[in-house]
Amino acid sequence: MCGVLGMVGTRWREHVSGALDTLQARGPDGHGVVESGAAVFGHRRLAIIDLAGGAQPMQSEDRRWTLAFNGEIYNFRELRAELQAQGWPFHTQSDTEVLLQGWRAWGETLLDRLDGIFAFALWDAQAQRLLLVRDRVGVKPLFYAALDGGMVFASTLAPFFALPGFPRRLDHEALRDYLACQAVQSPHSILRDVRQLPPATVLLFEHEGTRLRMRRYWQPPAPRAAAPSFSGALEAVDAALRESVRRQMVADVPLGAFLSGGIDSSLMVHYMAEAGVQPLKTFNIRFAQAGFDETPAARAVADHYATEHAVIDAPAIDAATFEAAIAALDQPLADPAYVATHELSRFTRQAVTVAISGDGGDELFAGYPRFSQTENRFPDNLVRRLLRSGVRAGWLPGNLLRRGLAGREMMLYRQVELGPFTRSRKDLGHYLNPAALAACRPQDTLALWRELTLGYGRGMDTASLMRADLWTYLSEDCLVKTDRASMNHSLEVRVPLLGNPVLDLVLDWPAGVHYDAEGGKALLRALARRHLPEAVWNRPKHGFSVPLQHYFNGQWNAACEHYIARCGELAPFLNAAAVHQLWQAAKQGKASRRLAYTFVVLLIWLAAHPLSND
């Protein structure tokens with residue numbers, strides 16, 4: 001697990017070392033810079049596998065190929081054996097060398113064989129070609145900028161901020177999606193001149209001719225027409241989870257697990273215990289507020305498996321800690337769980353280098369109630385058409401718009417905090433000045449999500465909603481939250497629920513297999529009943545978050561008030577009066593706390609990373 005940086009034919013070549021230093025937390029155990037013709041690659045290493053070998057950037061014996069790799073390949077030993085049988089030589093025990101030799105042997109077909117989390121760059125000095133590749137669901141990040149006939153790429157946006165004279169222009173469409181759903185959506189980044197490589201994507205940049213091409217090498221498959229029996233599905237999922245966790249135990253450093261006490265993380269601990277992980281260290285964060293603390297359930301699991309369990313108290317998340325966590329982000333992210341995960345990661349890193357997480361369970365196994373809210377549940381009719389027309393014409397109040405929406409328009413409204421919903425409480429234009437609103441292109445809000453949900457030819461049904469989440473909410477919010485929070489403390493986090501054995505199995509099935517009389521997530525609930533203490537499965541579902549209203553009116557109040565007061569200065573594209581009014585109402589529980597938090601995070605982040613609004 002590492003940080004990568006590289007350039008091909010750019011004016012910033014001499015600044016590689018300084019920019020690479022911004023990735024030190026992602027790779028505290030070593031660094032290297034390799035030049036190869038027009039390309040220069042940099043790498044910061046967090047040593048997990050083959051601690052003595054595996055240094056990067058890594059080159060082939062003939063110096064034609066140069067590789068910089070962030071991530072882990074869980075099936076690298078099996079691939080290595082196959083390559084050795086074909087005569088390919090190896091000089092280390094690392095998964096990095098398997099990736100390098102595998103590409104030389106199999107080219108892009110290697111990607112079909114990989115089970116892992118990865119973002120890597122490969123330079124072909126002979127053909128003068130750069131390849132950038134990202135894993136199936138975007139666990140590991142990768143950003144790039146094609147400027148002045150050259151290319152710059154990096155694991156995060158931080159190196160771009162460190163390049164002298166690199167443009168810092170706000171991407172208004174990224175701002176739109178951030179305000180809509182609290183996370184910037186790929187391919188945008190908050191910097192207009194930088195893009196995020198989407199998940200499951202190969203980018204090819206030809207230096208001679210400066211041609212750039214991209215293609216998806218994988219996409220979530222459409223479900224089959226027939227569902228397996230529930231008992232058959234249950235046994236298959238049990239086996240797939242066991243295998244995915246087993247694969248992801250490969251490491252030459254201590255491992256642990258985030259244990260919130262929910263079904264997903266608790267099942268990960270179960271399979272780790274089955275795999276014989278010793279000592280098994282588990283960690284959770286404790287909140288004093290009722291409805292947020294899951295410590296009793298976490299302790300029940302820890303006691304059941306005799307783990308070495310440690311708890312961090314949430315009151316340690318004071319205003320200074322909150323501000324520092326937000327400022328450490330490379331671009332704004334307003335998931336309230338990020339700050340708690342940031343502190344949990346800091347605490348966990350004191351004991352282990354690798355942690356297992358339960359991310360992905362809700363997306364793959366229908367854990368969100370919104371998945372059952374399909375477009376056919378909101379049919380259009382005369383009353384709704386009249387209400388829509390009346391609100392948009394201005395002769396009915398804006399708060400009636402929601403009652404007038406139907407079908408796909410209602411689906412989008414339910415998906416976002418702000419969007420193209422004029423005169424309603426979710427009116428994006430209420431919080432932006434006219435020029436910024438036009439630049440945001442509000443009509444394209446969550447365009448990728450809409451494209452994905454409709455890409456299976458089934459309309460916005462449960463199966464398509466679940467699959468769309470993999471490349472939007474999961475990849476751009478949940479996984480970003482975990483990656484930035486953990487890597488800021490040099491902690492690697494693995495996500496077995498998103499391993500190939502699970503993805504390849506579950507995505508082949510229709511959505512109905514995940515539902516029973518109690519609702520979604522039926523398979524994981526049944527596995528919880530089979531394997532886990534009753535304290536885990538016989539209780540209401542909890543999301544991992546923080547009590548925002550408590551913090552707004554308590555520890556974070558003065559800091560939030562400070563940044564809200566600076567809104568006009570820090571974000572001149574916002575309607576400062578509207579933001580202030582929202583903040584005051586949210587503190588009293590009379591407006592969206594999530595939206596208020598979205599603006600607070602944006603302002604704190606902009607104070608640390610000022611952007612041009614040109």
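The values are calculated or read from the model by the stated rules, or taken from the named source; none is laboratory data. Owing to the predicted nature of the structure, the values given are computational and were not obtained by experimental measurement. For neighbour counting, all protein chains shown are included, and Cβ atoms are generated from backbone atoms with ideal geometry for every residue, glycine included. Accessible surface areas use protein heavy atoms only, side chains included; no ligands, DNA or RNA. Shrake-Rupley method; radii C 1.70, N 1.55, O 1.52, S 1.80 Å.
The figures follow:
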{"item": "Computed label-point distance, nm, for sites residue 324 and residue 230 using a 7 Å Cα→Cβ extension", "result": "4.9 nm"}
{"item": "Rounded accessible area per residue of the range 524-573, 1.4 Å, Å²", "result": "45 Å²"}
{"item": "FRET efficiency, 1/(1 + (r/R0)^6) with R0 22 Å, evaluated for residue 423 and residue 381 via beta carbons", "result": "0.55"}
{"item": "Rounded accessible area per residue of the range 236-282, 1.4 Å, Å²", "result": "30 Å²"}
{"item": "Shape call, the range 1-120: gyration tensor on alpha carbons, a/c limit 1.5", "result": "prolate"}
{"item": "Cα-projected label distance for residue 202 with residue 350, points at 7 Å along beta-carbon direction, nm", "result": "4.6 nm"}
{"item": "Restricting the range 5-110 to GluC sites (Glu not before Pro) in coil, as DSSP defines it, with at most 12 other Cβ within 10 Å", "result": "61"}
{"item": "Residue 441 versus residue 21: modelled label distance in nm, points set 7 Å from Cα along the beta carbon direction", "result": "3.8 nm"}
{"item": "Probe 1.4 Å, accessible area per residue of the range 389-492, Å²", "result": "37 Å²"}
{"item": "Length gained when the stretch residue 88-residue 14 is fully extended (0.36 nm per residue, less Cα-Cα span)", "result": "23.1 nm"}
{"item": "Relative frequency of Cα-Cα separations exceeding 37 Å in the chain, percent", "result": "34 percent"}
{"item": "Over 28 Å (Cα to Cα) - which of 426/481; 281/481; 140/587 fall in this group", "result": "140/587"}
{"item": "Stretchable slack from residue 402 to residue 218, in nm (0.36 nm times residue separation minus alpha-carbon distance)", "result": "62.6 nm"}
{"item": "Protein accessible area in the chain, 1.4 Å probe - carbon and sulfur %", "result": "50 percent"}
{"item": "Distance between the range 491-548 and the range 300-357 - C-alpha centres, whole angstrom", "result": "21 Å"}
{"item": "Paramagnetic reach from residue 278 (point 7 Å along Cα→Cβ, amide N under 16 Å) across the range 295-323", "result": "305-308"}
{"item": "Relative contact order (percent, whole number), the chain, Cα cutoff 8 Å, 6+ residue spacing", "result": "16 percent"}
{"item": "Set of lysines near residue 521 by C-alpha distance (under 22 Å), chain-local residues within fewer than 8 positions excluded", "result": "541"}
{"item": "Extension gain from residue 64 to residue 286, taking 0.36 nm per residue of separation minus the Cα-Cα distance", "result": "74.7 nm"}
{"item": "Rel. contact order, % - alpha carbon contacts under 8 angstrom, at least six apart, the range 250-377", "result": "33 percent"}
{"item": "Rounded FRET efficiency, nearest 0.05, which uses the C-beta distance separating residue 539 from residue 313 and R0 of 22 Å", "result": "0.55"}
